[in-house]
Amino acid sequence: MTAETGTANTLPLWFKIPEQLHEVDLYGSPASRIQRSYENVSVLMEGADVAEQIHVVYLQEQMLSQLLANGAVFVGHCLARSEADPAKLTAAQFSILVQPANLSARRPLHALAGALKQPGMRREVGFADYPAGEALVVGEEVEVTLPTTLTGKPVENTHRVRQVQIVLPFPGNQRLAIVGVSSETLADWKHFVTMLDGIARSISFTDPAEPSIGDLLAGL
């Protein structure tokens, strides 16, 4: 897939998405997007009443508006039966954001890592190597209190939400590609992180269909 900016322009960003994800149409008609979301939710939440299903769609739309404001070029949901407990639903949200940056330090990712480390926060910051280059990996776990359950039942509950972001600088260090996942279904967390790692490994800032310098030299 090629990342789009929301206009007629495209970004120099290519990536592959696992088939388990239901991609959200960021640039199409909101009515069509909501209809598709409801169709997916109604299949996976078969047996739940309509109000519960609509509430899940509403939560997805709320989160989508926040992601778009933060430069989302891809959003996908994984909503399925839990591998750890098939009697339960598991849910995770995946996203790819593109944000402007001005990374002028000699080791820009290390400078960014230092800024993200804050005392008292349950946040882990590290580094990893990907085909697109060195990446900053940020993971944290927060407690969230909601007045309802995921399906809209009016029961106040506090639960943990985990999220991981893999940050890759564009060539020139003027933009960042941020690949992330968040979920409160901790029993399936390892599966979600594996999917996230696969997406990050597919990230490319040059068109994979175009021959590289190495490919051209190999043909001499």
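The values are calculated or read from the model by the stated rules, or taken from the named source; none is laboratory data. Small disclaimer: the values here were computed from a predicted structure and weren't measured. Here the Cβ is made from the backbone with ideal geometry for all residues, glycine too, and neighbour counts use every protein chain on show. Please note that ligands, DNA and RNA were not included when accessible areas were found on the heavy atoms of the full protein model with its side chains. Shrake-Rupley method; radii C 1.70, N 1.55, O 1.52, S 1.80 Å.
Structure notes:
- Percent carbon-and-sulfur accessible area, the stretch 1-115, ignoring ligands, DNA and RNA, probe 1.4 Å: 53
- Förster radius 30 Å - calculated FRET efficiency between Leu68 and His110 (Cβ-Cβ, nearest 0.05): 0.50
- Estimated FRET transfer efficiency when R0 is 30 angstrom, pair Leu26-Gln174 (beta carbons, to 0.05): 0.85
- Counting charges near Asn173 (Lys, Arg +1; Asp, Glu -1) among other residues having Cβ under 13 Å from its Cβ returns a value of +2.
- The trypsin sites (Lys or Arg not before Pro) of the stretch 12-71 that meet both conditions, a loop assignment by DSSP and at most 13 other Cβ atoms within 10 Å of the site Cβ, are Lys16.
- For the stretch 15-105, applying the loop criterion from DSSP together with a ceiling of 16 other beta carbons within 10 Å to the GluC sites (Glu not before Pro) yields Glu19, Glu46, Glu83.
- Multiplying the residue separation of Glu39 and Asp85 by 0.36 nm and removing their Cα-Cα distance gives an extension gain of 14.2 nm.
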